[in-house]
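Take a look at the structure set out below.
Quick note: the coordinates plus some simple rules give every number you see, no bench work behind them. The shown structure was predicted, so the numbers you read here are calculated from the model rather than taken from an experiment. Every residue, glycine as well, gets a Cβ built from its backbone with ideal geometry; the counts of neighbours run over all protein chains shown.
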Amino acid sequence: MATFKRIVLASRPKGQVTPDNFRLEEVPVPSLKDGEVLIRNHFLSLDPYMRMRMEDVKSYAAPQALNETMIGGTAGEIVESKNPKFAVGDKVVGMMGWSEMGVSDGTLLRKVDTAHIPLSAYLGSVGMPGMTAWYGLTQIMQPKEGETIVVSAASGAVGSVVGQLAKQRGCRAVGIAGGKEKCAYVVDELGFDACIDYKAGNLEADLAKATPNGIDAIFENVGGEIFDACLARMNAFGRIALCGLIAGYDGEPMAIRNTRAFLTMRLTMRGFIVSEHPELWPQGLKELGTLVATGKLKFRESVAPSLEAAPEAFIGLLKGKNFGKQLVKLV
């Protein structure tokens, strides 16, 4: 009997995620019903939101069930089809999870063209992370030419896209990242105007130097002291797209200390979940796909070599060890 490997959530983390929270299983390849397709996944996307889904708490989506395949975006190829809309050989993007194979009835499954865009990019710049960046920037930050925008986790899959899109709209783009190598990449390769190394210990002074005219909009991925330092530099009527709070995902309490800025600077902050806005995906993906295909939107990937390596790669992602988009190669 043919089998494939998958990783399930074995236990909920208490504090930091550990490899023991996951379990590798080998399961039989299922037979298809009418309307279904069998997909051989080539890449798995690892993303910070998965950490929140591991908790059994009230959130925007149901918690990840124990002893079930871990949730996750995938890109792969159809190897068997009983659905007239999909043919064997079609490249598709879906949510098959931490698994070498998956069955879908076609819901939330998207055919993609790999002639000018690599398959892996559909999990990054031309996928959910890219759309997250596009939505937060265009719909919430609404930057005007000449304004200064700040992006935390600027070398990551989302932040790197935010800054590049802002530059194309005539803004001053300032990134925040951890380490000299990441900051050099953000400026030299991605074209940001400046990048602050928060690990250097001069966050407030470096931020002031990089934003001489203050900050008009923030794309927030981290929270904590980085967010507070940015709030202190905000201009009147500034906008904040709250995308993530990765500094607090392991259960550490996080307070916003500079709350006074919301009143004195009349700030607007909005949290968002990009999957709740499907009506805008065609518009955003068209822009992102064109930019990637023409080389005007650059991206970098960290690729773990196998499904077995996914837990350690995910733990590394939560600690900022990845450089760019974190993927797992499954073929």
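Before moving on, here are some points about what is shown:
- Each DSSP beta bridge with both residues in the chain is either parallel or antiparallel, and the antiparallel ones are about 55%.
- Cα gyration tensor, segment 156-229 - rounded (a/c under 1.5), prolate or oblate: rounded
- Pairwise centroid distance, computed over Cα atoms, of segment 203-259 with segment 123-188, Å: 14 Å
- Hits among aspartates and glutamates - C-alpha to C-alpha of Lys33 under 16 Å, sequence gap 8 or more where chains match: Glu80, Asp105
- Sequence-separation-based contact order of the chain, relative, with Cα cut under 8 Å and 6+ spacing, percent: 17 percent
- Applying a 4.7 Å Cβ-Cβ cutoff to the chain, the cysteines left without a disulfide-compatible partner are Cys171, Cys230, Cys243.
- Mean ellipticity per residue at 222 nm, deg cm²/dmol - from DSSP H runs of n ≥ 4 across the chain, formula -39500 (n - 2.57): -6000 deg cm²/dmol
- As a ratio to 2.2 N^0.38 Å, the alpha-carbon radius of gyration for segment 49-98 is 1.49.
- Gyration tensor (alpha-carbon) shape descriptor, segment 128-275, a/c threshold 1.5: rounded
- Violating pairs (Cα-Cα greater than 30 angstrom) within the set Lys58/Lys182; Lys5/Lys91; Lys82/Lys298; Lys5/Lys325: Lys58/Lys182; Lys82/Lys298
- Excluding same-chain neighbours fewer than eight residues apart, the lysines reachable from Lys144 by a Cα-Cα span under 19 Å are Lys167.
- The ellipsoid that matches the Cα gyration tensor of the chain has semi-axes, each √(5λ) in whole angstrom, of 35, 22, 17, with the longest given first.
- Solvent-free Debye calculation, one equal scatterer per alpha-carbon of segment 23-142: log10 I(q)/I(0) at 0.20 Å⁻¹ equals -1.18.
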